[in-house]
């Protein structure tokens, strides 16, 4: 099970959060703590694709390569930028994402699987 250290100060750049997440209509209740094993970036930006490992139920950020690992499904989109070390995530399952401002490209497979999320490029 993923855990988070709550004692450090938060230093995340949230400049584009409100531009990337245009309309957040529905999310996973209570959010999830992400398993960030192997995720090298210091922060995970709003608009990042979140995946779920089918065997364990663990939620994770999609690898920056954009490739969905075997045994995983697309779960949603990260609502607000977070530190990788404090990976407590609000995950959107219905709303609008402006992918033009997302840090990483959103794969076509994610757009298809997350059918209640509208992806715009403005």
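What follows draws every value from the coordinates through simple rules; no lab data is involved. Model, not experiment: these values are computed from the prediction. Heads up, the Cβs are rebuilt from the backbone with ideal geometry, glycines too, and the neighbour counts pull from every protein chain shown.
Between residue 40 and residue 115, the contour length at 0.36 nm per residue exceeds the Cα-Cα span by 24.1 nm. Were the residues from residue 56 through residue 99 laid out at 0.36 nm apart, the gain over their Cα-Cα distance would be 12.6 nm. Estimated from helical segments only, the mean residue ellipticity of the chain at 222 nm is -1500 deg cm²/dmol, where each DSSP H run of four or more residues counts as -39500 (n - 2.57).
With R₀ fixed at 35 Å, the C-beta to C-beta distance from residue 18 to residue 70 puts the FRET efficiency at about 0.50.
Put a dot 7 Å past the Cα of residue 3, heading toward its Cβ, do the same for residue 25, and the two dots end up 3.9 nm apart. Over the chain, the alpha carbon radius of gyration divided by the compact-protein estimate 2.2 N^0.38 Å works out to 0.97.
The order of 86, 111, going from fewest to most other C-beta atoms within 10 Å of their C-beta, is 111, 86.
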